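Single-structure report; data block below.
Each value in this text was obtained by applying a stated rule to the coordinates, not by laboratory testing. Please read these numbers as outputs of a predicted model, since none were measured by experiment. Every residue, glycine as well, gets a Cβ built from its backbone with ideal geometry; the counts of neighbours run over all protein chains shown.
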Amino acid sequence: MSHLQVTDLRVDFGGLRAVDGLTFGVKKGEILCLLGPNGAGKSTTLDLICGKTQPTGGSVRFEDVEISRMFEFERARRGVGRKFQVPSVYKELTVAENLAVAQSRKPGIWHALTRLSHSGRDRFEPILEKVGLEKRADVVAGNLSHGETQWLEIAMLIAQDSRLILMDEPTAGMTIQETARTAEIFRTLSKSHTLIVVEHDMSFVRTVADRIIVMNRGALLAEGSITEIEANEDVKTAYLGH
Amino acid sequence: MTTRLFYDLAGLALFAVVIVLGVPALMGFDAFELNTFARYLALAIVALALALSWGGAGLLNLGQAATFGMGSYAMAMHLKLKASGDALPDFMGWNNVSELPLIWVPFHSLAFTLIAGLLVPAFIGGLIAIFMFRARIAGVFVAIITLAFLVAFQLVVIEQQGITGGQNGLTGLAPLELPGWSVDTYSLSFYYLAAGCLMLAITLGLYITHSKFGLILRAIREDADRTRFFGYNVANYQTAIFCISAALAGWAGMLYTLVLEFASPTYMSVSFSLAIVIWCAVGGRDSVLAAAVGAILVNLLEGKLSDIYVEGWNLMLGVTFVLVVMFMPRGLHGLLGDLTNLFRRGAGKRRGNRSAPTQTAKTGQEL
C-alpha cells in the first residue's frame, strides 16, 4: 500500500494547466526523485502535496486520509514536511531557536506557553552534530554561510521529523563533498521517512533514488529505475526536444 | 539560562530598584508627585502590552487605546455606582435615563469589575483578531483595521450618552474600597500598588517573550508561511497574543481610572493610541521592559515640557518619533545593544582576545 497516493491531480493557473492528471504513489521508506524539464510542474506538485497551492481537482491521500482540502498546517501536523527551493530559515533567530521552532510535534498554544524557548536543547545536539553545526548553535541564522544555511534547513527537517519529506532541489549551490554528505543523510533518513525529491543533479539522483518519475507538461512521462529512465526514448525527446 | 534571559532579568531587577526605591526617594515621598508618577506607571503597562503584539509578533495594533478604554470604563462604572449610593448615577438623570441600564448592574461587584476589566477587552480584541487572522490579514492592514475599530468604538461610546456619559465621560467617582483598604490615590501605598501592577505585568511579558510561545511568535513575525509548514496554526497564535495584549491594556486602563479619578472618551482617541505607539518605539518595541521605560521617559518629559511649551509639545513629540524611526529603529533598547557591542568589540581588540568576535556576534542578537 502506498504511503502517499496522488490520483488524477490537476491545477490551473488562469488558463495554464500546470499539473494535468498526475497519478503516482510512493511506498513507505522510499526515496522518489521527480525529474523533468523546466516548467514540467515538479515544484507545483510538491506545492499541491504540502498545501501551498490548492488543487483544481484530483486527490492526495496520505496514510489513507484525503489531505488535498486541508490547510497546510493541518497537513504538516499529519506528518508532511517541506523544504523549499530558496533556503527558508528564520534569519533573525539563532540556530538553536530555528530547531526549537522546527521541533513541532506539539504545535498547540498551551504547550508553547508552558515551555521556555530553549527547552529541549539537549535533543538538538545530535542533530546539529549530524550536519556539522554543533559549534554554531547560538549564532544568528542570518550570519551563517550559504552552505551552513542549507545544513540548518536539513537539520530543521530532521528535527521536524515528518514522516513524508518533500524536498525542492536540496543540493542546489552545494559543493561535491556537501552533496555527497547530503546523499548520505538522505539514505539514513529513508530508513524512517518517505522522501520525494526534486533534483537536477543526476549523480545525486543516481546515488539516492529508489525510483524516478519524469514529468513533462504537468503529466507523468516515465516511471522506473535510473537505468530504465536513461534508456527511455520519450524522456530523451522531452529533454532534447527532438 | 540563556544570555538574553540573564540580561532581561538583570534589567528587570535594576528597573524594580529604581521604581520601588529610587523614584519615591527622589520625589521626597511627595504625594502629588507620586500620583503623577503612578500615572506614568499605568501608561507603561499599556505600552508593554503593545510591545508584546507589535514587537513580539509584528502586529501593529493601532486600536490599543480602545481596549485600554474598556478597562478604564469598567473601573469607572464600579466607582460611579459606589459614589451614587442607591441613587441613579447623576448623568443618567440628565439624559432622561430613569432606570439603571442592565449593563451597569453587575458592576456593583468589585470582583466582577476586575474580571470584566480584563476579559471584556480580551474578548473584543480576540473577536477582531479571529476575523483578521483567519483571513490571513497581515502587515499594514492590521494597523488600518484596528485603527478603524478604534474610531468606530470611540464614536459609539460618545453617542451612547445615557450609558457612558458621552463626551464628559464618567466623573465624580468614589475612591476604590479594597477589603480593609480605602485607596487614597495620593499616597505612597497607592504608588506601590501601581508599581506592583507594573512589575507583575513586566514579569508576565518577559515570561511570554522567553516562552516557546514567544519564540513561535517571533518565527511568525519573520515568516508566517514557513511557520505554517511546521504545523503551527498561525491565526491561533496571533489571536492569543492579541487577547493577552488587550487584557493587559484593560488592566492598565483600570489603573489609569484610579489615578485620574475619572474616565473620559479621550482615552480612546486616535492621538492617544498613536502616543502609545510612540512610547513603544522610543523605548524599543522588541522588549517589554524597554517599552515600559519608553512610556515612562516620554511621559516624564511631557510632564516637564508641556507646561513650558503648551503649543509646541505635540510638535516636539512628533519630531522625536520621526527621528527615532529614522535613526534608531529599535529604540533606546536597540541603541543600548549597539553601544554595548561597540564597546565589547573595542575591548576585545585591545586585549587581542580571539574569542571576542564570536562573542559579539552572539550578544548582538541576545541584547
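What is the calculated FRET efficiency for A:Arg217 to A:Glu184, with r their C-beta to C-beta distance and R₀ = 51 Å, to the nearest 0.05?
Working: r = 34 Å, r/R0 = 0.67.
E(calc), rounded to 0.05, equals 0.90.
Mind giving me the FRET efficiency for B:Thr171 and A:Ile176? R0 is 51 Å, r the Cβ-Cβ distance, nearest 0.05 is fine. Intermediate results must be reported in sequence, preceding the final value.
On the way: r = 78 Å, r/R0 = 1.54.
With a Förster radius of 51 Å, E is 0.05.
Per the Kirkwood definition applied to all pairs of different Cα atoms, how many angstroms is the hydrodynamic radius of chain A?
About 18.7 Å, per the Kirkwood formula over Cα pairs.
How large is ³J(HN,Hα) for each residue in the stretch B:127-134, as worked out from phi by the Karplus curve 6.51 cos²θ - 1.76 cosθ + 1.60 (θ = phi - 60°), to whole Hz, x for Gly and Pro?
Per residue, the Karplus-derived 3J(HN,Hα) values read 4, 4, 4, 4, 5, 5, 7, 4 Hz.
HN-Hα J couplings of the stretch B:66-77 from phi, Karplus 6.51/-1.76/1.60, θ = phi - 60°, integer Hz, Gly and Pro as x?
5, 5, 4, x, 4, x, 4, 5, 4, 5, 5, 4
To make sure I understand, if each residue's beta carbon is the centre and we count other beta carbons within 10 Å, what order do B:Ser287, B:Ser269 fall in, fewest to most?
B:Ser269, B:Ser287
Please identify which residues in the stretch A:158-189 have an amide N closer than 14 Å to a label point set 7 Å out from the Cα of A:Arg206, following the Cα→Cβ vector.
Under 14 Å, as judged by backbone N against the label point of A:Arg206, lie A:180 of the stretch A:158-189.
Per DSSP helix of 4 or more residues, -39500 (n - 2.57); summed, then divided by the residues of chain B. What does that give at 222 nm, rounded to the nearest 500?
For chain B, the value works out to -24000 deg cm²/dmol.
Over all directions, average the projected area of the Cα convex hull of chain B and note it in nm².
So the mean shadow area of the Cα hull is 21.0 nm².
Ignoring GluC sites (Glu not before Pro) that are buried or in helix or strand per DSSP, and keeping those with at most 13 other beta carbon atoms within 10 Å, what is the longest stretch of chain B between them? Spell out each step's value before the answer.
On the way: sites that count: B:Glu99, B:Glu311.
That would be B:100-310.
Using alpha carbons only, how many degrees (0 to 90, rounded to 10) separate the axis of helix B:212-222 from the longest principal axis of chain B?
Roughly 80 degrees between the two axes.
Quick query: amide H of B:Leu176 versus all other amide H atoms, modeled in the peptide plane; which residues come in under 5 Å with a sequence gap of 5 or more or a different chain?
Here the answer is B:Val183, since their amide H atoms fall under 5 Å of that of B:Leu176.
For helix B:3-17, report the angle its Cα long axis makes with the longest principal axis of the Cα atoms of chain B; keep it between 0 and 90° and round to the nearest 10°.
Between helix and principal axis, roughly 50 degrees.
If you stretched the chain out fully between A:Lys106 and A:Ser145, how much longer would it get, using 0.36 nm times the residue separation minus the C-alpha to C-alpha distance?
So the extension gain works out to 11.0 nm.
Under 5 Å between amide H atoms, partner at least 5 residues away or on a different chain: which partners does A:Lys83 have, H built in plane at 1.01 Å?
Here the answer is A:Leu166, A:Met167, A:Asp168, since their amide H atoms fall under 5 Å of that of A:Lys83.
For helix B:331-351, report the angle its Cα long axis makes with the longest principal axis of the Cα atoms of chain B; keep it between 0 and 90° and round to the nearest 10°.
20
Would you please give the residues with an amide H less than 5 Å from that of A:Val19, counting only those at least 5 places away or on a separate chain, with H modeled from the backbone geometry?
Hits under the 5 Å cutoff: A:Val11.
Does anything in the stretch A:189-214 have its amide N under 13 Å from the 7 Å Cα→Cβ label point of A:Thr23, and if so which residues?
Correct set: none at all.
Distance in nm between label sites at B:Ser187 and A:Tyr239, each 7 Å beyond Cα in the beta-carbon direction?
Taking the two extended label points, one gets 8.7 nm.
If I model a spin label as a point 7 Å beyond the Cα along the Cα-Cβ vector, how far apart are those points for B:Phe343 and B:Glu311 in nm?
Computed distance between label sites B:Phe343 and B:Glu311 equals 4.3 nm.
Could you give the length gained by full extension between B:Thr36 and B:Val319, i.e. 0.36 nm per residue of separation minus their alpha carbon distance, to one decimal place?
Values: separation 283, 0.36 × 283 = 101.88 nm, distance 2.47 nm.
My answer for the length gained is 99.4 nm.
Would you work out the relative contact order for chain B, in percent, from Cα pairs under 8 angstrom that are 6 or more residues apart?
Relative contact order, chain B: 31 percent.
Provide A:Arg75, B:Arg136 in ascending order of the number of other Cβ atoms located within 10 Å of each residue's Cβ, fewest first.
Values: A:Arg75 26, B:Arg136 12.
Least to most surrounded, the residues fall as B:Arg136, A:Arg75.
Tabulate in residue order the Karplus-calculated ³J(HN,Hα) for the stretch A:164-178, using 6.51 cos²θ - 1.76 cosθ + 1.60 with θ = phi - 60°, rounded to whole Hz; enter x for Gly and Pro.
With the stated coefficients, the stretch A:164-178 comes to 10, 10, 9, 10, 10, 6, x, 9, 4, x, 8, 6, 4, 5, 5 Hz.
On a 20 Å Cα-Cα criterion, which of the cross-link pairs A:Lys42/A:Lys83; A:Lys52/B:Lys212; A:Lys28/A:Lys191; A:Lys91/A:Lys135; A:Lys91/B:Lys212 come out too long?
A:Lys52/B:Lys212
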